[in-house]
Amino acid sequence: MGKIRETTAFLNPGQTPVVAADQPLYALAKQIQWQWPEEYGEDMFVVMFGGLHIEMAALKSKGTLLKDSGWTSCLDEAAVASSGSAESFLTASHITKSRQVHQITACSLYRLKKTAYQEYCSATSQPMSFEDWCKEARPTVHNSIFGTLF
């Protein structure tokens, strides 16, 4: 961590060094910060999880929201994934596949939303903008929060 501080001070004087690490190294870095706070304290270094761990936590949070929502059944019925694989996406067991399925879900929800907006436009003489329509439709659509979250 001393070398990181020296390099950061040389390249960008005054910047607080930021260290991103996977879980075992993160734990070690935090122990170093707590053991020697005057030299490596939390006010002198920012230690954070790496991108993979952040993404995994985000996917697990989405899985918690989607649990018992029928999402896994939809994936199974649409032949996107088997029921066992769909259940594993809730816990982000395989991060690449989980990411892809969440992207497919987001794209599908967006297409459904755009289709509903096009139907609204064809039925109305002076349609609202898509953004205004989404804001107005949000309170009337059951579980529409999922459409804005994902």
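The values are calculated or read from the model by the stated rules, or taken from the named source; none is laboratory data. On a predicted model such as this, the values are computed, not experimentally measured, just so you know. Using ideal geometry, Cβ is built from the backbone for each residue, glycine included, and neighbour counts are taken over all protein chains shown.
The rows are residues; the columns are (1) outside any loop (DSSP other than H, G, I, E, B); (2) in contact with a strand residue (DSSP E or B) (Cβ under 7 Å, 6 or more places away or on another chain); (3) modelled with pLDDT of 95 or more; (4) of a type outside the set (Lys, Arg).
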site	(1), (2), (3), (4)
5	yes, no, no, no
24	yes, no, no, yes
39	yes, no, no, yes
42	no, no, no, yes
52	yes, no, no, yes
55	yes, no, no, yes
58	yes, no, no, yes
62	yes, no, no, no
65	yes, no, no, yes
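Residues in segment 5-18 that are under 29 Å from the mean Cα position of the chain (by Cα) and either outside the structural domain of residue 38 (by TED's automatic domain parsing) or among the acidic types (Asp, Glu) (or both): there are none. Of the helices (runs of 4 or more DSSP H) lying entirely inside segment 93-150, those carrying at least 1 residues that are at pLDDT 90 or above and in the same structural domain as residue 62 (by TED's automatic domain parsing) are 95-123, 130-137.
Considering only residues that are among the charged types (D, E, K, R) and either within 13 Å of residue 62 (Cβ to Cβ) or surrounded by fewer than 16 Cβ atoms within 10 Å (Cβ to Cβ) (or both), which ones fall in segment 75-100?
77, 97, 99
Among the residues of segment 17-31, some residue qualifies, meaning at least one is touching a helix residue (DSSP H, G or I) at 6+ places or on another chain (Cβ under 8 Å) and more than 30 Å from residue 91 (Cα to Cα).
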